[in-house]
Amino acid sequence: MEIHQVNAKQGLQWILSGFYLFRKAPLAWIMVCFTLVLIAMSMSFIPLLGKFVFTLISPAFLAGIMLGCKDMEQGKPLEIAHLLAAFRTSPAPLITIGGVYLIGQILIIGLVMLIGGSQMTDMLLYGKRVDESELMGVMSNMLTSSLIALTLSIPLMMASWFSPLLVIFHNVPPIVAMQRSFFACLRNFIPFQIYGITLIVLTILCLMPYGIGLIVLIPVMFASIYVSYKDIFLAERLQFKYNQADQDYQKANWSNGDETSARSENETKPDAITTEDKPKDSSERDK
């Protein structure tokens with residue numbers, strides 16, 4: 001499976017194609033994403049454990065949505081059941097990806113707290129007040145730790161971006177899938193920069209009217225992940241197919257039309273005299 005390098009403008013094209021995929025079934029997309037957000041909010045009420053569990057299983061949810069995108073290309077509808085589709089096929093590799101991502105997040109948070117010091121930790125977690133003489137040192141440590149967290153979080157996100165799709169579509173082992181995902185994002189770093197900047201701008205715009213625009217932006221973002229996967233790993237664009245029932249119906253219409261036209265032609269033509277209906281010659285009659 002080859003990793004293709006695409007043009008920089010494809011970063012914007014992924015979002016446009018994602019919106020086109022969303023426009024094919026907007027109500028179904030909204031219901032799927034709303035259900036996913038509802039699951040995440042419900043699990044967040046479980047102290048500490050809920051966020052860990054959701055991080056573990058989130059790659060399986062993403063893989064299920066990607067299966068829904070593939071079904072849409074084949075003329076099948078997107079359903080809420082697609083959220084659980086990946087749990088029936090390959091749950092263990094997807095949960096492994098979630099586990100690696102979770103361990104990476106824990107290590108990054110621990111490093112941030114170690115660099116920031118106990119004063120920053122007390123201020124962020126417990127709301128402890130800091131003296132003005134110590135505030136400059138705390139802010140400096142916070143800025144340094146934030147930059148380190150961002151620097152380490154980007155490679156972790158790159159490794160997790162395409163890995164659920166490689167597992168669900170190509171049966172790639174989870175660690176190998178994360179490696180290929182990282183190198184795919186690294187090879188297409190400029191398109192992903194344009195893609196990320198565009199998403200940041202769109203997020204700010206969607207948050208302005210009370211966050212209503214996120215109803216469209218979240219499904220478009222999920223759909224754009226599938227589009228970018230096809231572009232980088234398959235070098236293909238979205239290719240929608242008609243449903244098999246529609247194809248059979250169309251073929252039936254064509255066949256009925258041919259039969260009708262043939263029947264009408266036979267009715268309009270004069271009756272042909274076959275060899276059996278021809279009168280026999282006198283010689284044959286004498287025989």
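The table for this structure:
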| quantity | calculated |
| --- | --- |
| Check on Met142, surrounded by fewer than 20 Cβ atoms within 10 Å (Cβ to Cβ) and without any contact (Cβ under 8 Å) to a residue 12 or more places away in the chain | no |
| Pairs, first farther than 15 Å from Leu83 by Cβ and touching a residue at least 60 places away in the same chain (Cβ under 8 Å) in the stretch 33-52, second surrounded by 12 or more Cβ atoms within 10 Å (Cβ to Cβ) and of a type outside the set (Phe, Trp, Tyr), C-beta under 9 Å, six or more apart | none |
| Criterion (among the β-branched types (Val, Ile, Thr) and not in a helix (DSSP H, G or I)) met by exactly one of Ile30, Ile46 | Ile46 |
| Yes/no for Ala85 being more than 25 Å from Leu186 (Cα to Cα), assigned to a helix (DSSP H, G or I), touching a residue at least 12 places away in the same chain (Cβ under 8 Å) and among the aliphatic types (A, V, I, L, M) | yes |
| Scan of the stretch 212-248 for residues that are exposed (fewer than 12 other Cβ atoms within 10 Å of the Cβ) and either at pLDDT below 55 or more than 21 Å from Met72 (Cβ to Cβ) (or both), ordered by number | Ile212, Gln244, Ala245, Asp246, Asp248 |
| Val6 surrounded by 15 or more Cβ atoms within 10 Å (Cβ to Cβ), part of a loop (DSSP other than H, G, I, E, B) and in contact (Cβ under 8 Å) with a residue 24 or more places away in the chain | yes |
| Residues of the stretch 145-176 that turn out to be surrounded by fewer than 17 Cβ atoms within 10 Å (Cβ to Cβ) and either in contact with a His (Cβ under 6 Å, 6 or more places away or on another chain) or among the hydroxyl-bearing types (Ser, Thr, Tyr) (or both), as a count | 3 |
| Candidates Pro93, Pro77, Pro59 - the one that is in a loop (DSSP other than H, G, I, E, B) and either out of contact with any Asp or Glu (no Cβ under 8 Å at 6 or more places or on another chain) or surrounded by fewer than 19 Cβ atoms within 10 Å (Cβ to Cβ) (or both) | Pro77 |
| Residues of the stretch 9-27 classified as assigned to a loop (DSSP other than H, G, I, E, B) and over 11 Å from Phe192 (Cα atoms), total | 1 |
| Test for Ala86: is it among the small types (Gly, Ala, Ser) and either surrounded by 19 or more Cβ atoms within 10 Å (Cβ to Cβ) or touching a strand residue (DSSP E or B) at 6+ places or on another chain (Cβ under 9 Å) (or both) | yes |
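The values are calculated or read from the model by the stated rules, or taken from the named source; none is laboratory data. Source: prediction; values computed, not measured. Note that we place each Cβ from the backbone using ideal geometry, even for glycine, and neighbour counts take in every protein chain shown.
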